[in-house]
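See structure below.
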Amino acid sequence: MTKLSGVLGLALILSGCITEQRTQPPAPVEPVQPAQPVPPPVPEQPAPGEMVPQPPKMQTINWDATVTPLVTQMLKADGITAGNILLVDSVKNSTNGRLQTAKATAALQSALENNTQFTLIAPEQLAQAKQTLGLSAEDSLGSRSKAIGLARYLSAQYVLYSNAQGDVKSPKIQMQLMLVQTGEIIWSGNGAAQY
């Protein structure tokens, strides 16, 4: 038993060492002083007599002046039968940037509004036909065959296909008047964008 009590006593002593924890006082915390607010930078004023550079101006294309001469040429073309229905396709952008093709298409519609050669398909009728055929209302048909297919659906005899191409800073517009029945190009013209 003495052996057993010695082992037990030793176990108690050792267990006391393990469970005894020494606590250390916490490290002192020193308050941090808030940083001084940084005043906003003062814009530099130009010296008297010094010119301030002007920001670059955005040039906007005058679509009316761009498309009207081409429409005038087209209306004088040979081979056009007066009184037929014309589908004006949305102007397609094939430039190297972004163009306001909706404004270009509106200018094209406006230039053809009072002509005596064609009856235009109304934009609402065109949007309805695109929806019926599962096309987006903003869909520039993108290809001549799509435009001709839509024109056939609307019983139009002619399609005016327009494409802006080249550098976006000085685009050129190309227009083609096509006969729906055969896909033949009756008239073609192009011109530079006017500012």
**Q.** Length-normalised contact order for the range 78-192 - Cα pairs under 8 Å, 6+ apart - percent
**A.** 31 percent
Q) Listed here are the pairs Lys76/Lys130; Lys103/Lys169; Lys76/Lys169; Lys76/Lys103; Lys130/Lys172; Lys130/Lys169; which of them are more than 21 Å apart at the Cα? A) Lys76/Lys130; Lys76/Lys169; Lys76/Lys103; Lys130/Lys172; Lys130/Lys169
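Only the coordinates and a few stated rules stand behind these numbers; no lab work does. This structure is a prediction, so every number in the text was calculated from the model and none was measured.
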